[in-house]
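Participant: Got a structure for you, questions after.
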Amino acid sequence: MSEEVKLAKEEHVKADSRQLRGTIADELALAADHFCDDNIKILKHHGTYQQDNRDARHEKNADGTPRGKSFMFMVRTRIPGGKVTAAQFLAELDLCDRVGNGTLRITTRQGFQLHGVIKSHLKETIRTINQIQLSTLAACGDVERNVMCCPAPYKNNRVRAQMQDMADRIAEHLKPRTTGYHEIWVTDENGEKINAAETFQPVEEPIYGATYLPRKFKTAIALPDDNCVDVYTNDLGFLAIVEDDNIVGYNVLVGGGMGVTPSAKKTFPALAQRMAFVLPDEVVAVAEAVVKVQRDFGNRSDRKIARLKYLIHDWGVGRFKAKVEEYYGAALAAPRPIDVTGVDDHVGWHEQGDGNWFLGINIENGRIKDEGPLQIKTGLRAVLSRYQMPTRLTPLQGVILCDIAPGDRAGIDQLLRQHGIRGADELTLLRRYAIACPAWPTCGLAVTEAERVLPGILDEMEAELARLGLLGERISVHMTGCPNGCARPYTPDIGLVGKAAGEKYTVFLGGNVEGTRLAYIYRDTVPREELLPVLAPVLALFKAERHPGESFGDFCHRQGKEVLTASADAISNAASAG
Ligand code: SF4
C-alpha cells in the first residue's frame, strides 16, 4: 500500500498496541465501568465487545437526570468446529449465571457468547474460560475468527473426523501468537509492569505482522451434501471431495462475505468463488497464503471495503489465485467440478455408526435460558451433569449431544421433555432452519429487533403455512437487526434485514437453504407488522404455481423479482377489493 494512503484509525491503534495489549491491563485496574475507544478496538481481538443496554438508555435517576449508559460486555468463546466437552458446557452455563445475564448464546459460527458481563467481572470471566481449556482470543477482531466445520459426529467412516481435525489444524496455525492475551487475562497479576513500554518484548507474529489483518476473516469446511456451515458466505471455504469414504482433497473457495453498508454503494454481499483444488496436506499452507495475500493487499484505509471479497472483486479470481500461488510457492490445481447439493441441521436422533447415537437439539436463536415452562438451561444442565457426554455446537445455533449409548436414549428424552425442550418431530422445518442475530438490546449497531421478534414472526408464518397446507416445507429464514449480516441473511430462502428505526425491514427472497445463491431484494422498508402480509401472497403463489418438488427459494428465484412482485400485488389487490 502506498505511503500516501491514509490508513484507517484502527490500523494506527493496532500498530501502537504492542501486540494487542494497549492499556487494557491499566484500565482493568481502574474503577471506571468502561474502556477508552482505543482499548475497545483492541479488546475485540481478545473476544469481547463493549456494549451497553440500549433498552435502558433513556432511563432516569430518581432526581430526573439521565442515568447514562449502562455498560456491559459480550464475551465470545472461539470453538473450532464447535466441539465442547460436558464440563466446558457446564462451566459456561455457570458463568452465565454468575457473571452474565443468566443466558448463554450459541452463535451462528459455533461459538458461545455471554452477555451482560460488567467490567469488574471481565477478567474473571475470560480467565475462567481459559481454565476450562477454551479461549476467547481471536473470537472477534481483525484476525482469523472461529473456524467452522460440520459438527455431525458420524463415525461410520473417517470423513467427519478428518474435517474436524482440519478445522483444528487451521485454527491453531492461524491464531495470533501474541502473549499479551495470556498476560492480561490468565497470568498477569500486575498489569502495569506488563504493559510498560520499556519492558515490552514482542514475539514474532509470523502470519499477521504488526497490524494483523485489514478486517475480520472467516473460514469454514463443508461437505457437498451437507453445507450446514454456509461455506459460501466465508472469506475462505474448503469443500471436501470424498472418494471411498475418505477426503482426497478440497475445493478452495475464496471471497464470501455478508456485510453491507446501505449508505455505501461500493459495499455488497458476495458468495465465495471456486479458486483451486488442494490435497489435504496442502490445506494449512494454502490457507496461510490466502490470509497473507489479504494481509498485504486488503484495503487498510476504508474498513467498509476491507474484507477479502472486495480485493477479489477488484482483482478477479485469476489474479488473486496467481498471487496466492506466489505466496504458497507452487501452482495450484483447478477446482474439481463438485458443488454443494444439500444441507442438514442434524436435529433429532441419529445413529453415529459406532453403536452409539447422537441427538441434535434445536435451540431458538441459540439462546440457552429458562423462561416459563421452557427450561432449556436447567434441562441441558441436568442432561450434561448426569450423562457427561461430549457436545458440538451447530451453525444453526443448536447443540448436538454425542456418544449416547442406546440404553440412555429414553432417559435423555424424558429429561428434555420434562424441561419443555422439544424434539425434532415437534418442530416445523421452518423453525428448525430459522436463525437470528442478537440485535437489540445488546448490539450497538442494531437498527431493529431480530432475536426477540423472530419467534413471533415464525408463529405467524407457521399459521399461514398451515392454512396453505405447506407446513411440511423446508423454508429457511435468517433475520438480522442491521445489514451487517451476522446471521447470513442474504443466502437463505427468506432474509429479513433490519433497515430503519421503527422496526422496518428489507425482505430478501430467492436464496436457498443450501446456501449456494444470493437472494434479491423483494421489498424494502417493510414495517414489522407488514412482514406476513408481504410474504403471504408469495407463499400462495408458491403453492399454486410451483413445479413438482420445487423449493420455495427455487420458486422465487425462477419467478424473479419483477414477475413475483406483479403476481403478489395482483393477489393483494384482489384481496383488498374483495
Ligand atoms: Fe448487530 Fe447487525 Fe450483527 Fe445483528 S447483524 S449482531 S444487529 S451487527
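The values are calculated or read from the model by the stated rules, or taken from the named source; none is laboratory data. Just so it is clear, the model here is predicted, and its values are computed rather than measured. With ideal geometry, Cβ positions are generated from the backbone for all residues, glycine too; neighbour counts draw on all protein chains shown. Areas reflect the complete protein model, heavy atoms only, side chains present, ligands, DNA and RNA absent. Shrake-Rupley method; radii C 1.70, N 1.55, O 1.52, S 1.80 Å.
Participant: Would you check if there is a residue in the stretch 519-539 being assigned to a helix (DSSP H, G or I), closer than 28 Å to GLY444 by Cα, touching a strand residue (DSSP E or B) at 6+ places or on another chain (Cβ under 8 Å) and away from the ligand (no atom under 16 Å from the Cβ)? Outline the logic, then answer.
Facilitator: Residues of the stretch 519-539 assigned to a helix (DSSP H, G or I): 528-539.
With closer than 28 Å to GLY444 by Cα added as a condition, the list becomes 528-532.
When the remaining residues are screened for being touching a strand residue (DSSP E or B) at 6+ places or on another chain (Cβ under 8 Å), the result is 528, 531.
Those left that are additionally away from the ligand (no atom under 16 Å from the Cβ): 531.
Within the stretch 519-539, one or more residues are assigned to a helix (DSSP H, G or I), closer than 28 Å to GLY444 by Cα, touching a strand residue (DSSP E or B) at 6+ places or on another chain (Cβ under 8 Å) and away from the ligand (no atom under 16 Å from the Cβ).
Participant: For the stretch 554-578, give me each residue that is of a type outside the set (Val, Ile, Thr) and touching a Leu at 6+ places or on another chain (Cβ under 9 Å).
Facilitator: If the condition is that a residue be of a type outside the set (Val, Ile, Thr) and touching a Leu at 6+ places or on another chain (Cβ under 9 Å), then PHE555, CYS556, HIS557, GLN559, LYS561, LEU564, SER567, ALA568 are the ones that fit.
Participant: I've got another one for you. Determine which single condition GLN397 fails, assuming it passes every other condition in (1) assigned to a strand (DSSP E or B); (2) within 16 Å of the ligand (Cβ to nearest atom).
Facilitator: Failed condition: (1).
Participant: Those residues that are outside any loop (DSSP other than H, G, I, E, B) and open to solvent by 30 Å² or more (accessible area, probe 1.4 Å), I need them from the stretch 407-423; list them, please. Talk me through it step by step, then tell me what you get.
Facilitator: The first filter runs over the stretch 407-423 and keeps only residues outside any loop (DSSP other than H, G, I, E, B), leaving 407-418.
Matches in the stretch 407-423: GLY407, ASP408, ARG409, ALA410, ASP413, GLN414, ARG417, GLN418.
Participant: Condition test on ARG431, is it in a loop (DSSP other than H, G, I, E, B) and more than 10 Å from the ligand (Cβ to nearest atom)? Walk me through it before giving the result.
Facilitator: Numbers: in a loop (DSSP other than H, G, I, E, B): no; more than 10 Å from the ligand (Cβ to nearest atom): yes.
Spelling it out, it is not the case that ARG431 is in a loop (DSSP other than H, G, I, E, B) and more than 10 Å from the ligand (Cβ to nearest atom).
Participant: Run PHE35 past the list (1) closer than 20 Å to HIS121 by Cβ; (2) part of a loop (DSSP other than H, G, I, E, B); (3) open to solvent by 10 Å² or more (accessible area, probe 1.4 Å) and report the number of the one that doesn't hold.
Facilitator: (3)
Participant: Could you look through the stretch 234-246, keep only residues that are open to solvent by less than 10 Å² (accessible area, probe 1.4 Å) and in contact (Cβ under 8 Å) with a residue 60 or more places away in the chain, and pick out the one that is farthest from LEU271 (Cα to Cα)? Can you show your working first?
Facilitator: First, the residues of the stretch 234-246 that are open to solvent by less than 10 Å² (accessible area, probe 1.4 Å): 234-241.
Right, trim to in contact (Cβ under 8 Å) with a residue 60 or more places away in the chain and you get 234-236, 238-241.
Values: ASN234: 8, ASP235: 9, LEU236: 10, PHE238: 13, LEU239: 14, ALA240: 17, ILE241: 20 Å.
By that ranking, first place goes to ILE241.
Participant: If only one of ALA331, ALA382 is more than 30 Å from ASP554 (Cβ to Cβ), outside any loop (DSSP other than H, G, I, E, B) and open to solvent by 20 Å² or more (accessible area, probe 1.4 Å), which one is it?
Facilitator: Values: ALA331 fails: outside any loop (DSSP other than H, G, I, E, B).
ALA382 is the lone residue from the list that is more than 30 Å from ASP554 (Cβ to Cβ), outside any loop (DSSP other than H, G, I, E, B) and open to solvent by 20 Å² or more (accessible area, probe 1.4 Å).
Participant: Return the residues of the stretch 139-183 that are hydrophobic (A, V, I, L, M, F, W, C) and either in a helix (DSSP H, G or I) or open to solvent by 10 Å² or more (accessible area, probe 1.4 Å) (or both); say none if nothing qualifies.
Facilitator: Of all residues in the stretch 139-183, those hydrophobic (A, V, I, L, M, F, W, C) come to 139-140, 143, 147-150, 152, 159, 161, 163, 166-167, 170-171, 174.
Result: VAL159, ALA161, MET163, MET166, ALA167, ILE170, ALA171, LEU174.
Participant: Test of understanding: among GLY511, GLY485, GLY495, which residue is crowded, with 24+ Cβ neighbours inside 10 Å, within 14 Å of the ligand (Cβ to nearest atom) and either at pLDDT 95 or above or in a loop (DSSP other than H, G, I, E, B) (or both)? Let's see the steps before the verdict.
Facilitator: Working: GLY511 fails: within 14 Å of the ligand (Cβ to nearest atom); GLY485 fails: crowded, with 24+ Cβ neighbours inside 10 Å.
Checking each option against the conditions leaves just GLY495.
Participant: Restricting the first residue to the stretch 197-224 and requiring it to be farther than 16 Å from ARG295 by Cα and assigned to a strand (DSSP E or B), which pairs with a second residue that is open to solvent by 30 Å² or more (accessible area, probe 1.4 Å) and of a type outside the set (D, E, K, R) meet a Cβ separation below 9 Å and a spacing of at least six or different chains?
Facilitator: LEU223/VAL242
Participant: So, one more: Restricting to the stretch 394-421, name every residue that is among the hydrophobic types (A, V, I, L, M, F, W, C) and more than 30 Å from the chain's Cα centre (by Cα).
Facilitator: Taking the stretch 394-421 first, the residues among the hydrophobic types (A, V, I, L, M, F, W, C) are 396, 399-402, 404-405, 410, 412, 415-416, 421.
Passing the criteria: ALA405, ALA410.
Yes/no per residue for (1) under 20 Å from THR219 (Cβ atoms); (2) at pLDDT 95 or above; (3) of a type in the set (Asp, Glu):
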| site | (1), (2), (3) |
| --- | --- |
| ARG295 | yes, yes, no |
| ASN299 | yes, yes, no |
| ASP302 | no, yes, yes |
| ASP314 | no, yes, yes |
| GLY318 | no, yes, no |
| LEU332 | yes, yes, no |
| ASP354 | no, yes, yes |
| TRP357 | no, yes, no |
| GLY360 | no, yes, no |
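Participant: Within the stretch 115-125, is even one residue touching a Ser or Thr at 6+ places or on another chain (Cβ under 6 Å) and open to solvent by 10 Å² or more (accessible area, probe 1.4 Å)? Spell out the reasoning first.
Facilitator: Kept after step one, since they are touching a Ser or Thr at 6+ places or on another chain (Cβ under 6 Å), are these residues of the stretch 115-125: 115, 117.
Now drop any that are not open to solvent by 10 Å² or more (accessible area, probe 1.4 Å), which leaves none.
No: the stretch 115-125 contains no residue that is touching a Ser or Thr at 6+ places or on another chain (Cβ under 6 Å) and open to solvent by 10 Å² or more (accessible area, probe 1.4 Å).
Participant: For GLY553, which of the numbered conditions (1) outside any helix (DSSP H, G or I); (2) of a type in the set (Gly, Ala, Ser); (3) touching a residue at least 24 places away in the same chain (Cβ under 8 Å) fails to hold?
Facilitator: Every condition holds for GLY553 apart from (1).
Participant: Whether any residue in the stretch 206-220 is of a type in the set (Lys, Arg), farther than 18 Å from THR341 by Cβ and touching a Ser or Thr at 6+ places or on another chain (Cβ under 7 Å) is what I want to check.
Facilitator: Pass one, the stretch 206-220, residues of a type in the set (Lys, Arg): 215-216, 218.
After this cut, where a residue has to be farther than 18 Å from THR341 by Cβ as well, the list is 215-216, 218.
From what is left, the residues that are touching a Ser or Thr at 6+ places or on another chain (Cβ under 7 Å) are none.
Looking through the stretch 206-220, none of the residues is of a type in the set (Lys, Arg), farther than 18 Å from THR341 by Cβ and touching a Ser or Thr at 6+ places or on another chain (Cβ under 7 Å).
Participant: Return the residues of the stretch 514-541 that are open to solvent by less than 20 Å² (accessible area, probe 1.4 Å) and of a type in the set (D, E, K, R); say none if nothing qualifies.
Facilitator: none
Participant: On to the next question. Report, by residue number, each residue of the stretch 11-32 that is open to solvent by 50 Å² or more (accessible area, probe 1.4 Å) and part of a helix (DSSP H, G or I).
Facilitator: Hits for the stretch 11-32 are HIS12, ALA15, ASP26.
Participant: Considering only residues that are more than 8 Å from the ligand (Cβ to nearest atom) and closer than 15 Å to THR108 by Cβ, look in the stretch 443-455 and name the one that is most open to solvent (accessible area, probe 1.4 Å).
Facilitator: Out of the qualifying residues, it is GLU451.
Participant: Within the stretch 405-414, is even one residue touching a residue at least 60 places away in the same chain (Cβ under 8 Å) and away from the ligand (no atom under 15 Å from the Cβ)? First the steps, then the outcome.
Facilitator: As a first pass, look at the stretch 405-414 and keep what is touching a residue at least 60 places away in the same chain (Cβ under 8 Å): 409.
Now restrict to residues that are away from the ligand (no atom under 15 Å from the Cβ): 409.
Yes, the stretch 405-414 has at least one match.
Participant: Six or more apart or on different chains, Cβ under 8 Å: which pairs go from a residue in the stretch 323-337 that's within 11 Å of ALA276 (Cβ to Cβ) to one that's open to solvent by 70 Å² or more (accessible area, probe 1.4 Å) and of a type outside the set (Asp, Glu)? Could you list them?
Facilitator: Close Cβ pairs satisfying both conditions: GLU325/ALA331; PRO335/ARG274.
Participant: Taking into account only those residues within the stretch 498-508 that are in contact with a helix residue (DSSP H, G or I) (Cβ under 9 Å, 6 or more places away or on another chain) and open to solvent by less than 20 Å² (accessible area, probe 1.4 Å), which is farthest from the ligand (Cβ to nearest atom)?
Facilitator: It comes out as VAL507.
Condition check ((1) modelled with pLDDT of 95 or more; (2) touching a helix residue (DSSP H, G or I) at 6+ places or on another chain (Cβ under 8 Å); (3) surrounded by fewer than 22 Cβ atoms within 10 Å (Cβ to Cβ); (4) assigned to a loop (DSSP other than H, G, I, E, B)) across all residues:
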residue: ARG392; (1), (2), (3), (4): yes, yes, no, no
residue: TRP440; (1), (2), (3), (4): no, yes, yes, yes
residue: GLU462; (1), (2), (3), (4): yes, yes, yes, no
residue: ARG467; (1), (2), (3), (4): yes, no, yes, no
residue: THR491; (1), (2), (3), (4): yes, yes, no, yes
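Participant: Right, next: Considering only the stretch 252-304, state which residues are of a type in the set (Val, Ile, Thr), in a helix (DSSP H, G or I) and more than 20 Å from the chain's Cα centre (by Cα). Outline the logic, then answer.
Facilitator: First pass over the stretch 252-304, keeping only residues of a type in the set (Val, Ile, Thr): 252, 254, 260-261, 267, 278, 283-284, 286, 290-291, 293.
Still in the running and in a helix (DSSP H, G or I): 283-284, 286, 290-291, 293.
Result: VAL283, VAL284, VAL286, VAL290, VAL293.
Participant: Filter the stretch 469-482 for residues that are more than 14 Å from the ligand (Cβ to nearest atom) and of a type in the set (A, V, I, L, M, F, W, C); which is surrounded by the fewest Cβ atoms within 10 Å (Cβ to Cβ)? Full working, then the answer.
Facilitator: Initial filter on the stretch 469-482 (more than 14 Å from the ligand (Cβ to nearest atom)): 469-477.
Keeping just the survivors that are of a type in the set (A, V, I, L, M, F, W, C) gives 470-471, 475, 477.
Values: LEU470: 19, LEU471: 15, ILE475: 22, VAL477: 22.
The qualifying residue surrounded by the fewest Cβ atoms within 10 Å (Cβ to Cβ) is LEU471.
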